1. Can you find, within the stretch 145-200, the residue that is nearest to the chain's Cα centre (by Cα) among those that are more than 14 Å from Asp20 (Cβ to Cβ) and of a type in the set (Val, Ile, Thr)?
2. Counting just the residues of the stretch 184-200 that are within 18 Å of Val14 (Cβ to Cβ) and out of contact with any Ser or Thr (no Cβ under 6 Å at 6 or more places or on another chain), which one comes out surrounded by the fewest Cβ atoms within 10 Å (Cβ to Cβ)?
3. So which strands (runs of 3 or more DSSP E) stay within the stretch 53-101 end to end and still have 2 or more residues that are modelled with pLDDT of 95 or more and among the small types (Gly, Ala, Ser)?
4. So Leu118 passes all but one of these: (1) assigned to a loop (DSSP other than H, G, I, E, B); (2) modelled with pLDDT of 95 or more; (3) buried (at least 17 other Cβ atoms within 10 Å of the Cβ); (4) not assigned by TED's automatic domain parsing to the domain that holds Gly70. Which condition number does it fail?
5. Is the stretch 167-183 home to any residue that is surrounded by fewer than 13 Cβ atoms within 10 Å (Cβ to Cβ), not charged (D, E, K, R) and not in a strand (DSSP E or B)?
6. Answer yes or no: is there a residue in the stretch 134-146 that is at pLDDT 95 or above, in the same structural domain as Lys182 (by TED's automatic domain parsing), surrounded by fewer than 17 Cβ atoms within 10 Å (Cβ to Cβ) and closer than 18 Å to Pro176 by Cα.
7. Restricting to the stretch 86-97, what's the tally of residues that are closer than 16 Å to Cys61 by Cα and either of a type in the set (D, E, K, R) or over 16 Å from the mean Cα position of the chain (by Cα) (or both)?
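The values are calculated or read from the model by the stated rules, or taken from the named source; none is laboratory data. Quantities reported herein were computed from a predicted structural model and do not represent experimental measurements. Note: ideal-geometry Cβ built from the backbone for every residue, glycine included; neighbour counts use all protein chains shown.
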Amino acid sequence: MQITTDSFDGRHVVFEKILDEVSGGASLNVARLRSTDAGLEYIEAGTPVYYVAATRVAEVCKSALVIDGGGATTPRVAKKHHFKVGDYIGDGTTTAIITAIDTTSATGYDTLTVNTALTYAANTKYAQGSAVSGSNAALLYTPNGLVKSPVYIKDGNADVSIVTIGEAREDALPYPLSSAFKIALRGGATGAGTSLITVR
């Protein structure tokens, strides 16, 4: 008798529960994204977005995870982010302008050059700031939903399904969620927002 074994990779599950979503989906603003860069041709399930019901347009809430080895004005961030030169990026207390992005490293990180010193400790979570640099924690967008399924964006036009109520697995999300993002997804500090997503 011959005994053989097979192993199978587990499913990549982002959502434990989906209780509500935007009916009919929304148009994703692809112009702000690095949609033609290698490895970024898709928006992944679990990407945080800000959805405007009146226009049915969704904006990606950009974020990135700091990797060890950079500096205050040259932080390293994990690859596959959507930040561009000219974007404002913040560490939760300070916002800076990205003046250059070096993507040549083959070891899993990009190096940003910014005009104002940021916290650059490993695992710091950056998010896109509003158009003011310096001592400013304001975000350009705060999420009120998560993309339900992967969507191809390289061609420039994309419609996405957005989960607004449910439960997501943090370790399966494609981008880091800051505390401010998590609070926004739960409906904001007062619970009066348009989403109710718990991230565990």
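1. Val147
2. The residue in question is Arg200.
3. 63-67
4. That leaves (4) as the condition not met.
5. yes
6. No: zero hits.
7. Total satisfying the criteria: 4.
Yes/no per residue for (1) among the charged types (D, E, K, R); (2) over 21 Å from Ala78 (Cα atoms); (3) in the same structural domain as Tyr175 (by TED's automatic domain parsing):
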| site | (1), (2), (3) |
| --- | --- |
| Ser23 | no, yes, yes |
| Arg34 | yes, no, yes |
| Gly39 | no, no, yes |
| Ile43 | no, no, yes |
| Ala53 | no, yes, yes |
